[in-house]
Amino acid sequence: MSKRLFVSVDLDGLSDAVAAVQERFEGVSGLRLTDPEQAHVTLKFLGDTDVDRVDDLVDALDTAVADSGVEPFEARVGGLGVFPSLDYISVVWVGVRGGAGDAELTALHEAVEERTVDVGFDPEDRDFTPHATVARMDHAGGKETVQRAVETDDPDVGRLTVDEIRLKESVLGSDGPTYRTLKSVSL
């Protein structure tokens, strides 16, 4: 049996602010908003993982946190961006506003990446950009609205105290994914 897993830093306490950012995209053609209660920064997507590997994975995450040298920190979340580009939008996101939070999340990502690859997971094939997805674009109907918002809006989502990373399971359902924490690893 397998579970669809990822490693994250959750945006605990910021769901109302994430929802406020999403309001500007209400009813935009082709755009599907994510659940603001589940907003998170993905440090590593692991994919379908045999449940027998979870204990080794938790050990790898414990080691990664220790290796990273990252202590609890504060991150500022805000601004808007898209992947892969403004010409072709598939994901709309809020980011981490540089500074210490960006550097600390990058250090955590790199340590998690190294340790999970060591235990047999595929390496990430793109650069790490700390972000939380707020919407997914299914078709380009409202592309110009999204482009305008990204170019002109600079929402402040808030400050986040990061004191742990979480191993999470994604359960896909008809209303989209539901996330469940399997294990938290303290910084």
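In the range 52-73, which residue that is among the aliphatic types (A, V, I, L, M) and touching a Lys or Arg at 6+ places or on another chain (Cβ under 6 Å) is surrounded by the fewest Cβ atoms within 10 Å (Cβ to Cβ)? Going through the qualifying residues, I end up with Val58. Among the residues making up the range 1-33, those that are under 15 Å from the mean Cα position of the chain (by Cα), among the aliphatic types (A, V, I, L, M) and not in a loop (DSSP other than H, G, I, E, B) are Leu5, Val7, Val9, Val18, Leu33. Each residue in the range 1-58 was checked for being closer than 18 Å to Glu124 by Cβ, in contact with a helix residue (DSSP H, G or I) (Cβ under 9 Å, 6 or more places away or on another chain) and of a type in the set (Lys, Arg), and 1 pass.
Yes/no matrix, rows are residues, columns are (1) under 19 Å from Leu105 (Cβ atoms); (2) of a type in the set (Val, Ile, Thr):
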{"residue": "Ala149", "(1), (2)": "no, no"}
{"residue": "Thr152", "(1), (2)": "no, yes"}
{"residue": "Asp156", "(1), (2)": "yes, no"}
{"residue": "Val162", "(1), (2)": "yes, yes"}
{"residue": "Ile165", "(1), (2)": "yes, yes"}
{"residue": "Lys168", "(1), (2)": "yes, no"}
{"residue": "Ser174", "(1), (2)": "no, no"}
{"residue": "Arg180", "(1), (2)": "no, no"}
{"residue": "Ser186", "(1), (2)": "yes, no"}
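You will find that of Ser90, Ser68, the residue that is of a type outside the set (Asp, Glu) and over 25 Å from Lys183 (Cβ atoms) is Ser90 and no other.
Remark: pairs (first residue in the range 142-156, surrounded by 12 or more Cβ atoms within 10 Å (Cβ to Cβ); second residue assigned to a helix (DSSP H, G or I) and among the β-branched types (Val, Ile, Thr); Cβ separation under 7 Å; 6+ apart in sequence or on different chains) = Pro155/Val21. Only one entry in Val77, Val134, Val96 is within 27 Å of Val150 (Cβ to Cβ), at pLDDT below 95 and surrounded by 18 or more Cβ atoms within 10 Å (Cβ to Cβ), namely Val96.
Against the numbered list (1) within 19 Å of Asp10 (Cβ to Cβ); (2) touching a Ser or Thr at 6+ places or on another chain (Cβ under 9 Å); (3) at pLDDT 95 or above, Gly158 comes up short only at (2). Which of the residues spanning the range 157-168 are in a strand (DSSP E or B) and out of contact with any helix residue (DSSP H, G or I) (no Cβ under 8 Å at 6 or more places or on another chain)? Arg159, Thr161, Glu164, Arg166, Lys168 - these are the residues of the range 157-168 that are in a strand (DSSP E or B) and out of contact with any helix residue (DSSP H, G or I) (no Cβ under 8 Å at 6 or more places or on another chain).
The values are calculated or read from the model by the stated rules, or taken from the named source; none is laboratory data. These figures come from a predicted structure and were not determined experimentally. Note: ideal-geometry Cβ built from the backbone for every residue, glycine included; neighbour counts use all protein chains shown.
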